[in-house]
Amino acid sequence: MEPLNRPQAIIDFCLAPLELDGKSEAEREVRRRLEHVIRTFQLKAAKPVSVDFSSMPSQVINEAAHGNE
């Protein structure tokens, strides 16, 4: 996977597991807020910031510990 640096691409990748319909006012507001945060961070960093999700450590969930099997 290539590193992502466009705010909308980062947001799309992060929200994809939620399988949102894309039409709700709540989702539009979440996207608006996240884009503001990412753009503000990039401006403060004085350069575009890329996010490489392929280097993100994986998380292992022990479902048996939570009573789910």
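Read the figures in this text as sums done on the coordinates, not as results from a lab. From a predicted model like this one, the values you see are computed outputs, not experimental measurements. With ideal geometry, Cβ positions are generated from the backbone for all residues, glycine too; neighbour counts draw on all protein chains shown.
Skipping prolines and chain starts, which residues have an amide H placed within reach, meaning under 5 Å, of the one on Val51, given they are 5 or more residues away or on another chain?
Correct list: Leu4, Asn5.
Order these peptides, 32-42, 1-11, 48-58, by their mean beta-carbon neighbour count within 10 angstrom, highest first. Walk me through the numbers on the way to the answer.
On the way: 32-42: 13.1, 1-11: 14.9, 48-58: 10.3.
In decreasing order of mean packing, 32-42, 1-11, 48-58 become 1-11, 32-42, 48-58.
What residues from the stretch 1-28 fall in the zone where the backbone N is under 11 Å from a label point 7 Å along the Cα-to-C-beta line of Ser54?
Under 11 Å, as judged by backbone N against the label point of Ser54, lie 1-4 of the stretch 1-28.
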